[in-house]
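Only one structure is covered here, and it is reproduced in the block below.
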Amino acid sequence: MKLYNSYSQKVEELKPIEPGKVSMYVCGPTVYNYPHVGNARPIVVFDTLKKALEAQGLEVTYVSNYTDVDDKIINTAIEQNVSEKEITDKYIKAYAQTRADLHADQPNVTPRVTETMDQVIAFIQKLIDLGAAYQVGGDVYFRVNADQAYGELSHQNMEDLMVGARIDENTKKENPLDFTLWKATDKGIQWDTPWSKGRPGWHTECVVMIQDVFKKPLIDIHGGGLDLKFPHHENEIAQCEIVNHTHLANLWIHNGMINIDNKKMSKSIGNVRWAKDLIAQFGGNEIRWILISTHYRAPLNLNEETFQQAEKELTRIQTAYNQACVKLQMADAQDSYTVNEESWNAFIAALNDDLNTPNAISTIFELMKQLNQALRKRDIDTDLVGSLKTTMEKMLYVLGIEFEPVVVSSEDKEMYKKWREAVKEKNFDVADQYRHTLQEKGIL
Ligand SMILES: [Zn+2]
């Protein structure tokens, strides 16, 4: 598979460090609210990537964290007069539910910061020992000058970054770009350390959790939203360069952002769309379809039309699929068929081309056309229909689209026969009644 690597700014072949196995880490959410549709995009993108790799026989270890220590969590807990853990448990559950509703696998490991604190503290100490971090009062900062290559991911040099940096007159930092590793605080959850009672900075958590789970200095894929590239991922790399002399992952993959009616989604505009509301209104299939209909690196704009289009497309595919289910059962056909190699290979080739899901979807439409043609024949070729249907199921599984197969009862079969007879005898009133009932049952 070839993927666009933000680090090299090139499309590169994925070469697993351990043959046959892929290690993948995706930055997870800070859990103080429900996931919005912007959070749903990496869930779907990286689950599709995982399934595409698995479909080709690779074993993927997929890790995504929960940031359960943060000012926003502490403030939400204070506002609602509950513990931080009540807040984080609630929204971690909500995330797992949204994943399930979008037909995404739960990651193999979902580390939490609160459960990784010993390692976080030891890691910060190591950075201090190596001269890449310094203490000011109870706070600890990373010294970006310690990393000669700082800016390597976002392709900015130190001078450019300094121009954009916020210069805080009161700061005790050596360099405005230095970032917080440890923050002294007396508000909210705190841990005891040699520096102060406090909590860790966000950028350290992911590096430590990656090391802690994978037990190696370099993984295959590190993913996340484009908004995390700088400074979050840049800072992850900087710390890893100091401690392990690697840039943490061979491939840095970033998904694009979501706009609502061509406007950036933000709380201040009031246009935040919660994933759970959209799923309740349109269903998991439709939301997932929308999220994969645009290439993962491109911005995705949601509007009325997007939803209508997705519904139309999915209905066309589902109708063909249902018809294949029904006709095969009517013909008392067998249960398993071979995959149509040509269609399947075209589908996989699209996914292997930088996870080109829009092109993969086109191959499903191609297959659907063939299936519809085969279904229009008076006496269907069950081997052909069965093979196309099996291939379609396999493709839809990789894209995370789930259709409930239509089950035809013996009564339904009886009615179907009667309908065909009535049509044959030109007894159209009776045929219409049968047709109506069969349509209601989803058989026609
Ligand atoms: Zn992260």
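Bear in mind that the values in this text are calculations on the coordinates, not laboratory data. Predicted model only: the values in this text are computed from it and were never measured. Here Cβ is always computed from backbone atoms with ideal geometry, including for glycine, and neighbour counts include all displayed protein chains.
Extent of segment 309-385 along its three principal axes (Cα atoms, max minus min coordinate, largest first): 41, 28, 18 Å. Working from the Cα coordinates of segment 60-141, the gyration tensor eigenvalues give, after taking √(5λ), semi-axes of 29, 20, 8 Å in decreasing order.
Considering only 73, 3, 153, the residue lying farthest towards the positive end of the dipole of segment 1-155 is 3, judged by Cα position with unit charges set on Cβ.
With +1 on each Lys and Arg Cβ and -1 on each Asp and Glu Cβ, and nothing else charged, work out how big the dipole of segment 65-172 is about its Cα centre, in Debye to the nearest 20. Working shown, then result.
Working: 10 positive and 19 negative charges, 34 e Å.
It comes to approximately 160 debye.
Charged neighbours of residue 390, selected by a Cβ distance under 12 Å, balance to -2 (K, R count +1; D, E count -1). Given in Å, the Rg to one decimal and the Dmax to the nearest whole number for the Cα atoms of segment 1-96 are 17.0, 50. Around the Cα centre of segment 133-241, unit charges on the Cβ atoms of Lys, Arg, Asp and Glu (plus for the first two, minus for the last two) sum to a dipole of about 380 debye. Other residues lying with their Cβ under 13 Å from the Cβ of residue 411 contribute a combined charge of +2, Lys and Arg counting +1, Asp and Glu -1. Our summary of shape: the Cα atoms of segment 187-283 have principal axis extents of 48, 38, 24 Å, ordered from largest down, in whole angstrom.
Multiplying the residue separation of residue 226 and residue 319 by 0.36 nm and removing their Cα-Cα distance gives an extension gain of 29.8 nm. Database remark: amide H of residue 5 closer than 5 angstrom to the amide H of 10, 11, 12 (H placed geometrically; neighbours at sequence offset of 5 or more, or on other chains; Pro and chain starts carry no H). Annotation: amide H-H contacts under 5 Å for residue 249 (H modelled 1.01 Å from N, sequence separation of 5 or more, or interchain): 219. Over the C-alpha trace of the chain, radius of gyration and Dmax come out as 26.4, 93 angstrom.
Positive end of the dipole of the chain (Cβ unit charges, origin at the Cα centre): among 60, 437, 293, the Cα lying farthest that way belongs to 437. For the chain, DSSP calls about 50 percent of its internal beta bridges antiparallel. Each Lys or Arg adds one and each Asp or Glu takes one away; over the other residues whose Cβ falls under 15 Å from the Cβ of residue 22, this sums to -2. Think of each Lys and Arg Cβ as +1 and each Asp and Glu Cβ as -1; about the Cα centre, that makes the dipole of the chain roughly 700 debye. Could you work out, for segment 146-217, what percent of all Cα-Cα pairs fall into each 10 Å distance bin, beginning at 0 Å and stopping at the bin that holds the largest distance? Here the calculated profile for segment 146-217 is 15, 35, 36, 14, 0.
Taking the mean number of other Cβ atoms within 10 Å as a proxy for protection, how do you rank 104-117, 371-384, 261-274 from highest to lowest? Show your work: numbers first, answer last.
Values: 104-117: 18.1, 371-384: 14.6, 261-274: 12.1.
Highest mean packing first, the order is 104-117, 371-384, 261-274.
Between the alpha-carbon centres of segment 5-66 and segment 231-271 there is a gap of 13 Å.
With helices as the sole contributors, the chain gives -15500 deg cm²/dmol at 222 nm; each DSSP H run of n ≥ 4 counts as -39500 (n - 2.57), and the sum is divided by every residue. Subtracting the Cα-Cα distance of residue 243 and residue 106 from their residue separation scaled by 0.36 nm leaves 46.3 nm.
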